[in-house]
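Down below is the structure, laid out as structure tokens.
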Amino acid sequence: MLEQWLEYSQEVTEGRAAGKPIVALESTIISHGMPYPQNVQTAREVEAIVRENGAVPATIAILDGKIKIGLSDEELEFLGQSKDVEKASRRDLPFLLSMKKNGATTVAATMICAELAGIQVFVTGGIGGVHREAETTMDISADLQELAKTNVAVVCAGAKSILDLGLTLEYLETQGVPVAGFGTDILPAFYTMTSPYKVNFRLDTAEAAAEMIKTKWQLGLDGGIVIANPIPEEDALEESFMANVIEKALAEAREKQITGKEVTPFLLGKVKELTEGKSLVANIALVKNNARVGAAIASSLAE
Ligand code: PSU
Ligand code: MN
């Protein structure tokens, strides 16, 4: 029953058969997170980095009513260019699949699809979280609830401070989701290596991360783990500059009364505009950095 919805690329099929480590990659970052053509180029380069580091990349999307596990070059190109691709989180999957539509999967939806495909490690840029002023808007990303229940480790560069990072950590704590810093004690904030918050645990190697992931699931503790890997120092943006940009983006979202699934893409687009593309360069660098770490963790898990 389930298999009818899943379609594996040839590369992923062969990788699975050979017992190779596989790394899931999301597609909202392609369709709604970065502009064309940098989005497609980055997606290809990130896949190449996963391969160079001994794992098989599986970029995930909903195309023509199928969950695609691993995409062709043409499919990546389509996701990067088409305006006919919905941002797809958990609640969107049944509609998009039954109506044979196209969807770019968020962290939440990519985790669901990765778990269905038996993939344990997922690399992305930043996770969604509790938005600032969530006490009135109730805007809390479905990514957090997914981390609470779906067994996939998510390698990211923390979360953008368009969110309330403190409340995001509180939510994850309540839900029993470990937030581990990769080589750091501090929660990275996407564009910057640091934030005012500490992570729960520090892991210094891919092997240590793999051990912790294995242990969590051996204990039957369902749900994901956040592996927060800071942006490389040379690519990081200045903290006060970014704080300013983010304030402006938030003010405009408030003024325009942006709500629901539009909030995050709106803020991401504004940040890019206000940094004149600097944020895009940083975004690309940190995803590539995460791909190296994710491939190493997946390789260690596969041993
Ligand atoms: N944060 C980023 N870049 C992104 C996203 C978040 O810095 O591209 C995307 C991810 O796909 C994430 C989604 O899962 O936005 C969260 O959206 P929402 O806040 O609507 O749950
Ligand atoms: Mn939201």
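Among residues that are more than 16 Å from ligand 2 (Cβ to nearest atom), closer than 26 Å to Ile49 by Cα, surrounded by 21 or more Cβ atoms within 10 Å (Cβ to Cβ) and among the hydrophobic types (A, V, I, L, M, F, W, C), Ala210 is included. Of the strands (runs of 3 or more DSSP E) contained entirely in the stretch 159-253, those carrying at least 1 residues that are under 24 Å from Glu115 (Cβ atoms) and among the β-branched types (Val, Ile, Thr) fall at 179-182, 225-228.
For the stretch 253-275, a tally of residues being closer than 16 Å to Pro35 by Cβ, free of Cβ contacts under 8 Å to residues at least 40 places away in the same chain, within 16 Å of ligand 2 (Cβ to nearest atom) and out of contact with any helix residue (DSSP H, G or I) (no Cβ under 6 Å at 6 or more places or on another chain) returns 1. The single condition from (1) in a strand (DSSP E or B); (2) free of Cβ contacts under 8 Å to residues at least 24 places away in the same chain that Glu135 fails is (1). The selection criterion, being under 19 Å from Val154 (Cβ atoms) and within 15 Å of ligand 2 (Cβ to nearest atom), does not hold for Leu250.
The sole residue among Glu211, Glu239 that is in contact with a helix residue (DSSP H, G or I) (Cβ under 9 Å, 6 or more places away or on another chain) and not aliphatic (A, V, I, L, M) is Glu211. Total residues in the stretch 254-277 satisfying the condition of being more than 12 Å from ligand 1 (Cβ to nearest atom) and either in a loop (DSSP other than H, G, I, E, B) or aromatic (Phe, Trp, Tyr) (or both): the figure is 5.
Residue count for the stretch 213-236 satisfying the condition of being buried (at least 20 other Cβ atoms within 10 Å of the Cβ) and either of a type in the set (A, V, I, L, M, F, W, C) or on the phi < 0 side of the Ramachandran plot (or both): 10. Consider the stretch 48-103 and keep the residues that are in contact with a Gly (Cβ under 9 Å, 6 or more places away or on another chain) and acidic (Asp, Glu). The one that is surrounded by the fewest Cβ atoms within 10 Å (Cβ to Cβ) is Glu86.
A short reminder: the numbers here are calculations on the coordinates, not readings from a lab. What you see is a predicted model; the values in this text were computed from it and never measured. Neighbour counts are summed over all protein chains in view; Cβ atoms, including those assigned to glycine, are modelled from backbone coordinates with ideal geometry.
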